[in-house]
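Engineer: First, the structure itself, so that you have it in front of you.
The values are calculated or read from the model by the stated rules, or taken from the named source; none is laboratory data. Quick caveat, the model's predicted, so the values are computed rather than measured. Cβ coordinates were reconstructed from backbone atoms using ideal geometry, including for glycine residues, and neighbour counts include every protein chain displayed. Keep in mind that these areas ignore ligands, DNA and RNA; they rest on the heavy atoms of the full protein, side chains included. Shrake-Rupley method; radii C 1.70, N 1.55, O 1.52, S 1.80 Å.
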Amino acid sequence: MSPQIPPSRASRRVFLQHAGALGLLAGAGAPMALNLLAAGSAAAQTAGDYKALVCLFLFGGNDAFNMVLPTDADSWQAYAGTRDQAPDSIALLAPGAAASAAAAVGTPARLGGVLPLAVADARGLNAGRSFALHPLLGGMRTLFETERRLAIVPNIGPLIRPTTKTQYRLASHPKPASLYSHNDQQNTWQALAAEGATRGWGGRMGDALAAMNTRTVFTSVSAAGNAVWLSGQNVQQYQVSTGGALRLGADGNGRLYGSTAVADALQRIASRSRGNHVFEADLAAVAARAIDAESTLRNALRLPEDAPFGTAPASGGYNGNNDPKLQYDNPLTGTKAFNQTAQQFQIVARMIDAGLSGATGVRRQLFFVNLGGFDTHDQQNRNHAGLMARLSHALAYFDTALGALNARDKVTTFTASDFGRTLTSNGDGTDHGWGGHHVVMGGAVKGGDIYGRFPTLGVKNANNNNFDSSPDQLGNGALLPEISVDQLGATLGRWFGVSDSGLADIFPNLANFDATRRDLGLFV
């Protein structure tokens, strides 16, 4: 059986693993590399800052065309002319259009016009153009325009190297594998390779900075189940429920069947191997890790009903489903509804609070949350409206909680998704695309701007698609990405504290892109 490594020795273990890898180097460069690693680890141990990077994954492929919209005359003509088609128009209404309470729930007429967006355009990349957000993204518009903590990254997706439409048609030009496939593109966004890849770029950032954490178990944390984005070579993802740590056998009071003795006995059995079988030893180590981590979190986390995170009930026990802070205005029912994504952000905020206090021994953390349901092949108007309301509420909730913790400048949140969708409609929905628009939120973000050239929307040709008249669109109006996931990841990683050499290792395709665009300039 492999001995259980005490959490206090975790960063030393990570350092030795890195040193062992560097020890394979030959020649005079190896001692210098080891010295640099030692100096970097020593600096990390004394660094007093805390930073967290949070991925909000929109599973199913978000229709970014109806999330961020160009509203200048040419763009709007192309947008409305393509999406306003029988039998069910999926074109949102122009800015200023009044909402009709008599219209069917979820329809563009019921929602009213898109929300005009004041964009700084500091780089002059979108001169002469105007923009808007989906009618239900009011909270995000406030974060963008007023608070200046939200930025937009347009037309981003997996790329191996910059790709034009002409190059896209060439079999010899390298392109990501299995485009338009849900599983493969989810994996490619998170791990830069199709389904089967096991190390995500978030987890590899965790590998690079794990020496900053005395308890590496809390480096990569998922509030939404298994996520390859969090998995590194040395750092393993740690999963929590929205209520806190996942318990092995015992309840919140450390009892099983009402007995602490029974709970202790189960934990001893589960965390000890009685043989030499490798699988048995690994399983016991995982169990021991879970037991130790749960014990730490049980004492480190403040209650979900505490003021920064939730609302204390007037009577009885706390129930997140009934917490006003976790409820959004459901456009499909006209009533308040529970937002499970906001509850995921609640446990993330509680863990950030524990990290800031020093209770969990971390200075760098990565978190994963999700929102599903974006595969809108049909009932686009109804389904996407509900998703936009939940997205806006969840981000606004998290920003407010971080503000109460005085942690906005220490946390950066970004959205990701399988892919964008087609501009053309399939009747009452959209099909799989490639590029899409995403947002980045945080106190260190230079908000209120669009960080890239917004794509040109084409007009339909005789074959009812947008392939001909736009340099940025493929068949059916799918966007050909201009910004790569590598570029966004490297920008986030540099803010997070990963070195340039570390970023080059994590994002091997980064070298294929112009040196002036390997950092998108998102941060102050």
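Engineer: Under 14 Å from the Cβ of GLY521, count the other residues' Cβ atoms, weight Lys and Arg +1, Asp and Glu -1, and hand me the total.
Structural biologist: Values: positive: ARG123, LYS446, ARG453, ARG494, ARG517, ARG518; negative: ASP121, ASP449, ASP514, ASP519.
Residues close to GLY521 contribute a combined charge of +2.
Engineer: Taking R0 as 51 Å, what FRET efficiency do you get between ALA97 and SER295 from their Cβ-Cβ distance, rounded to the nearest 0.05?
Structural biologist: That pair, ALA97 with SER295, gives E of 0.35.
Engineer: What shape does the stretch 437-513 have by the C-alpha gyration tensor, where a ≥ b ≥ c are the square roots of the eigenvalues, rounded means a/c under 1.5, and otherwise prolate means a/b greater than b/c and oblate the rest? Please list the in-between numbers first.
Structural biologist: Working: a/c = 4.20, a/b = 1.98, b/c = 2.12.
Oblate, because a/c is 1.5 or more while a/b does not exceed b/c.
Engineer: Also, I was wondering about something else. Using all alpha carbons of the stretch 116-259, what is the percent of pairwise distances in each 5 Å bin, ordered from the shortest bin to the longest?
Structural biologist: Histogram of Cα-Cα distances, whole percents per bin: 2, 8, 11, 10, 12, 14, 17, 12, 7, 3, 2, 1, 1, 0, 0.
Engineer: Further question: What is the spin-label model distance, in nm, from SER315 to SER499 if the labels are put 7 Å beyond Cα along the C-beta direction?
Structural biologist: 6.2
Engineer: Then there's this: Expressed as a rounded percentage, what relative contact order does the stretch 424-521 have, with Cα pairs under 8 Å and six or more residues apart? Display every interim value, and only then the final one.
Structural biologist: Details: 98 pairs, mean separation 21.9, N = 98.
About 22 percent, as a whole number.
Engineer: Quick check on the stretch 309-366: take the gyration tensor over C-alpha atoms, sort the square-rooted eigenvalues as a ≥ b ≥ c, and tell me if it's rounded (a/c under 1.5), prolate or oblate.
Structural biologist: Values: a/c = 4.37, a/b = 1.85, b/c = 2.36.
Judged from the Cα gyration tensor, the stretch 309-366 comes out oblate (a/c at least 1.5, b/c at or above a/b).
Engineer: Tally up the carbon and sulfur contribution to the accessible surface of the stretch 317-455 as a whole percent, 1.4 Å probe, everything protein left in place. Don't jump to the answer; show the numbers that get you there.
Structural biologist: Values: 1560 of 3730 Å².
Answer for the stretch 317-455 is 42 percent, counting heavy atoms of protein chains only.
Engineer: How far apart, in nm, are the 7 Å Cα→Cβ label points at SER241 and ASP84?
Structural biologist: Once both label points are built, they end up 5.0 nm from each other.
Engineer: Quick one: Cα centre-to-centre distance for the stretch 466-524 and the stretch 57-108, in angstrom?
Structural biologist: 27
Engineer: Accessible area per residue for the stretch 54-99 in Å², computed with a 1.4 Å probe and the full protein assembly in place, what is it? Intermediate values should be presented prior to the final figure.
Structural biologist: Numbers: 1480 Å² over 46 residues.
In whole numbers, the stretch 54-99 has 32 Å² accessible per residue.
Engineer: Which value results when the Cα radius of gyration for the stretch 56-195 is divided by 2.2 N^0.38 Å? Before the final figure, lay out the partial values.
Structural biologist: Numbers: Rg = 17.7 Å, N = 140, 2.2 N^0.38 = 14.4 Å.
Expressed relative to 2.2 N^0.38 Å, the Cα Rg reads 1.23.
Engineer: Using a/c under 1.5 as the rounded threshold, could you call the stretch 369-524 rounded, prolate or oblate? The axes a ≥ b ≥ c are square roots of the C-alpha gyration tensor eigenvalues, and prolate needs a/b larger than b/c, oblate otherwise. Mind dumping the intermediate values first?
Structural biologist: Working: a/c = 2.46, a/b = 1.32, b/c = 1.86.
In terms of gyration-tensor shape, oblate.
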